[in-house]
Amino acid sequence: MDGIRTSLDIEEYSDTEVQKNQVLTLEEWQDKWVNGNTAFHQEQGHRLLKKHLDTFLKGESGLRVFFPLCGKAVEMKWFADRGHSVVGVEISELGIREFFTEQNLSYSEEPVTEIPGTKIFKSSSGNISLYCCSIFDLPRTNIGKFDMIWDRGALVAINPGDRKCYADTMLSLLGKKFQYLLCVLSYDPTKHPGPPFYVPHAEIERLFGKICNIHCLEKVDAFEERHKSWGIDYLFEKLYLLTEK
């Protein structure tokens, strides 16, 4: 293998501005669910979270865990099954309903008075609550603070021009001694417009560095055959742990 350069050796692309004007509307995201264009969903859950989960939880129970742009992430049930309280937000009602159906969980739904037109879906056990609304509307519900955030497929999906607002929203939801688990993707952003969008380390520092210690836990090759259609030839994923300074 000497002399063979793998994707993990590739340095980050230096131009952080190349995708800055890319925009997807909430309607376009909803259409992805309607049309089944949800290759971002991982049926078996996220391998790096599965690897590190028990280390993060340290045997604790009763934590409040937030899932931004949750979709139908199976990891929500992982946390709930370990005795934690899960809150998610997702613009697609279809995605939320599919989560409860696929996880064989009964649930109820009710309107959210603070945000007209918004619903909250709650598991019958009471430890999973999913809001169907824009992430930027969520703070109006006064949902409180969280011990942990699992951000996979969220920051990388937010329009680049909205990242500062998104990061400020996430930081406002964090309680004391928080753990913010963040996954980002690296590839050549001149070859693929996103989403998922390219988020380099410098961007994470810009968005979170004043409040958080930032530690990259792991970097793995995430390139699959389907990514060739994006026009790229490498893709790697980084798992970060952000903690209180």
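The values are calculated or read from the model by the stated rules, or taken from the named source; none is laboratory data. Given the structure is predicted, the values throughout are model-derived calculations rather than measurements. Virtual Cβ from ideal backbone geometry, glycine too; neighbours counted across all protein chains shown. Side chains included, ligands, DNA and RNA excluded: accessible areas come from the protein's heavy atoms. Shrake-Rupley method; radii C 1.70, N 1.55, O 1.52, S 1.80 Å.
Some notes on this structure:
- Residue within the stretch 213-227 that is surrounded by 20 or more Cβ atoms within 10 Å (Cβ to Cβ), out of contact with any Phe, Trp or Tyr (no Cβ under 8 Å at 6 or more places or on another chain) and closer than 19 Å to ARG152 by Cα present: no
- PHE136 open to solvent by 10 Å² or more (accessible area, probe 1.4 Å), closer than 25 Å to ASP31 by Cα and touching a helix residue (DSSP H, G or I) at 6+ places or on another chain (Cβ under 8 Å): yes
- Filter result for ILE96 (β-branched (Val, Ile, Thr), assigned to a helix (DSSP H, G or I) and either in contact with a His (Cβ under 8 Å, 6 or more places away or on another chain) or without any contact (Cβ under 8 Å) to a residue 60 or more places away in the chain (or both)): yes
Every residue, every condition in (1) assigned to a helix (DSSP H, G or I); (2) within 19 Å of GLY175 (Cα to Cα); (3) without any contact (Cβ under 8 Å) to a residue 12 or more places away in the chain, yes or no:
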| site | (1), (2), (3) |
| --- | --- |
| GLU43 | no, no, no |
| ASP54 | yes, no, yes |
| VAL65 | no, yes, no |
| LEU69 | no, no, no |
| ASN104 | no, no, yes |
| ILE115 | no, no, no |
| LYS122 | no, no, no |
| GLY126 | no, no, yes |
| TYR131 | no, no, no |
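- Listed by position, the strands (runs of 3 or more DSSP E) inside the stretch 141-245 whose residues that are under 17 Å from the mean Cα position of the chain (by Cα) and modelled with pLDDT under 95 number at least 1 are 174-186, 212-221, 236-244.
- Restricting attention to the stretch 86-120, the residues being among the hydroxyl-bearing types (Ser, Thr, Tyr) and surrounded by 18 or more Cβ atoms within 10 Å (Cβ to Cβ) number 3.
- Among the residues of the stretch 71-85, those identified as part of a helix (DSSP H, G or I) and surrounded by fewer than 24 Cβ atoms within 10 Å (Cβ to Cβ) are GLU75, LYS77, TRP78, PHE79, ALA80, ASP81.
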